[in-house]
Amino acid sequence: MAQHNDTGKQGEAAALQYLQDKGYQLLETNYRHQHAEIDLIVQRGKLLIFVEVKTRSNLSFGEPETFVSYAKAQLVMRAAEHYIYARDWQHDIRFDVVAVTITPRGEVKIKHIEDAFC
């Protein structure tokens with residue numbers, strides 16, 4: 001497997017652990033609808049949160065969260081619509097980004113951005 005895939009999986013695992021430590025309940029990982037994928041779908045009370053995880057081990061080109069493009073946000077929202085409709089979700093939703101940085105020494109730094117796009 002390519003190094004970037006390993007880094008991405010490590011970042012998603014770290015993001016999930018972070019969210020679970022904060023009281024979020026995991027509903028889905030890597031939810032797919034057509035060409036879109038949502039990294040994590042979690043719930044906290046009556047709030048459904050769709051989470052895009054961005055992981056970087058090198059910050060030369062910017063912070064991880066800056067790599068969530070408008071097009072990516074649109075894809076996530078489209079997949080979220082499908083998920084909401086399929087499960088007849090009747091409560092609030094939110095779109096978050098969890099930015100994960102893995103330092104050369106293997107330290108993991110997490111930034112949780114709530115309501116990142118809508």
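The values are calculated or read from the model by the stated rules, or taken from the named source; none is laboratory data. Keep in mind that this is a model prediction, so the values were computed, not measured. Glycine gets a Cβ as well: all are built from the backbone with ideal geometry, and neighbour counts include every protein chain shown.
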**Item:** For residue 84: the one exception among (1) at pLDDT below 95; (2) over 12 Å from the mean Cα position of the chain (by Cα); (3) of a type in the set (A, V, I, L, M)
**Value:** (1)
**Request:** Determine whether the stretch 50-72 contains at least one residue that is at pLDDT 95 or above and more than 12 Å from the chain's Cα centre (by Cα).
**Result:** no
**Prompt:** What are the residues in the stretch 1-33 that are crowded, with 18+ Cβ neighbours inside 10 Å and more than 20 Å from residue 111 (Cα to Cα), if any?
**Reply:** 31
